[in-house]
Amino acid sequence: MVMTALWRVAGLAAALLLAGCAARRPAARWQVTPVERGHVLVPPRAQREPAEFRLKKARAGGKKNCRIDTREVSLRWRGRDAMVRAEVKSLAPIPGTWIPGTAMPGTGDPVVVASNWFDDVLRPGLKSQAKAGCLAESEVLPLEQRLIDRFSLPSGALYRLRYGEYALRGYVDLEPQFHLRAVEPVREQGKVTGYLTSFYELRAAPKGGVVVSAAGSEANIAGMIQKGQAADSEVLHLPAGMTYLRLFFRSWSISGHRRIALIAAGSAEAREKASAEFETDPEGFCSSAAARGAACVAVPKEMVIGAELRVRANGTDQYVPVGGSVNDLLRSMGVRETNAVLATLAISRWYEGKLVPVEFDRRDAAVLGLVLMGGEEIRW
């Protein structure tokens, strides 16, 4: 009996000690920190400037002598682990340098940075390493995401690092977390009587890129909503193997008959080549895309096709436009007074393969400007 009691006391003491350690070791969380012109999103493992960290198991194998080494960013390999040193502050938007017309509606984020070494140095460097056999092509994008997740920056800046300077370039590369929304007029005897909205799902292709499939549709005719199948479209009939898609959403036709185009190619490298040819001569490229080993869907002027990111909201799949924020999501779901949900709002964001809570001051609406990366879970 005495020994049993001693074991119980020892066990209780150990439990209290572990509980105390747990209390002193706060759970990993994202942190939204309000600043004068918006907010900064601080990752669970925040780094001092310059940021120095190790990304474990960032590659399956490869050569050991690959490295990127500049003043602003250094990446070298230690076995399968990536050793990184980065000057993150130079990627932060510079106050007062916003270029009118380049920020997405609702974000107000500046887009000018001191040095976009992520796009200009790191991304090309990783592609070169993949060609040299330092890491697999399929490992580049996950590595980029893990790098971005270690940077303390405004969420809009993090989004642009991940998906590119879409507002400046006028295009976005499509991935499985997107879907396409197409809106076109419905006519009767030449008059517009309503609009048809069709949705097209994107799923990961076996060898990279995405495959497009038809989802549902909503026809709004004279105020009456009719649901059905997405309209047949050229996006559903891309040539086999053309799975690397880039959506251009700016005006480009001299004649004015087209203003959106979808470029498709058989690899990321081929997409870059096709995109450069398209930029040089949009009309000529789209008329001869097949002969160039690519595909081009030229969208009629009266139709709009946009890319939207999937998030989970109150247990349902919802979509926000490119660069969309928490505020955009709430309004799309019918919440008019978005500040009213701050008391119950809960957001989880992906970090190192897990959904991690986002912590924020419920008295400050800065969190409503949080730009969504795709895959978040949100409740209120």
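The values are calculated or read from the model by the stated rules, or taken from the named source; none is laboratory data. Treat the numbers as computed from the prediction; the structure is a model and nothing was measured. We place every Cβ from the backbone using ideal geometry, glycine too, and count neighbours over all the protein chains shown.
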Test set (1) modelled with pLDDT of 95 or more; (2) farther than 30 Å from residue 302 by Cα; (3) of a type outside the set (Asp, Glu) - residue 110 fails condition number: (1)
Selected residue (only one of 188, 175 is acidic (Asp, Glu) and surrounded by fewer than 17 Cβ atoms within 10 Å (Cβ to Cβ)): 188
Which numbered condition residue 379 fails, given (1) free of Cβ contacts under 8 Å to residues at least 12 places away in the same chain; (2) farther than 30 Å from residue 235 by Cβ: (1)
Those residues of the range 251-281 which are at pLDDT below 90 and surrounded by 14 or more Cβ atoms within 10 Å (Cβ to Cβ), in sequence order: 252, 253, 258, 259, 260
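Residues checked against (1) assigned by TED's automatic domain parsing to the domain that holds residue 84; (2) closer than 30 Å to residue 81 by Cα:
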position	(1), (2)
130	yes, yes
134	yes, yes
141	yes, yes
146	yes, yes
156	no, yes
162	no, yes
169	no, no
185	no, no
The lone exception for residue 62 - which of (1) out of contact with any Cys (no Cβ under 9 Å at 6 or more places or on another chain); (2) in a loop (DSSP other than H, G, I, E, B); (3) modelled with pLDDT of 50 or more; (4) among the small types (Gly, Ala, Ser) it fails: (1)
Selection count where residues are of a type in the set (Asp, Glu) and touching a Lys or Arg at 6+ places or on another chain (Cβ under 6 Å), scope the range 333-380: 3
Failed item, numbered, when residue 201 is tested on (1) surrounded by fewer than 15 Cβ atoms within 10 Å (Cβ to Cβ); (2) modelled with pLDDT of 95 or more; (3) of a type outside the set (A, V, I, L, M, F, W, C): (1)
Residue within the range 161-183 that is in contact (Cβ under 8 Å) with a residue 12 or more places away in the chain, within 21 Å of residue 49 (Cβ to Cβ) and hydrophobic (A, V, I, L, M, F, W, C) present: yes
Residue match in the range 154-166 (condition: in a loop (DSSP other than H, G, I, E, B), hydroxyl-bearing (Ser, Thr, Tyr) and closer than 29 Å to residue 325 by Cβ): no
Residue satisfying condition, being out of contact with any Lys or Arg (no Cβ under 7 Å at 6 or more places or on another chain), buried (at least 20 other Cβ atoms within 10 Å of the Cβ) and without any contact (Cβ under 8 Å) to a residue 24 or more places away in the chain, within set 230, 157, 130: 130
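Looking only at the range 293-306, filter to residues that are at pLDDT 95 or above and not in a strand (DSSP E or B); which one of those is farthest from residue 180 (Cα to Cα)?
Among residues in the range 293-306 that are at pLDDT 95 or above and not in a strand (DSSP E or B), the one farthest from residue 180 (Cα to Cα) is 293.
With respect to residue 323, is the statement that it is touching a strand residue (DSSP E or B) at 6+ places or on another chain (Cβ under 7 Å), assigned to a loop (DSSP other than H, G, I, E, B) and surrounded by 14 or more Cβ atoms within 10 Å (Cβ to Cβ) true?
Considered against the rule, which asks whether it is touching a strand residue (DSSP E or B) at 6+ places or on another chain (Cβ under 7 Å), assigned to a loop (DSSP other than H, G, I, E, B) and surrounded by 14 or more Cβ atoms within 10 Å (Cβ to Cβ), residue 323 comes out as yes.
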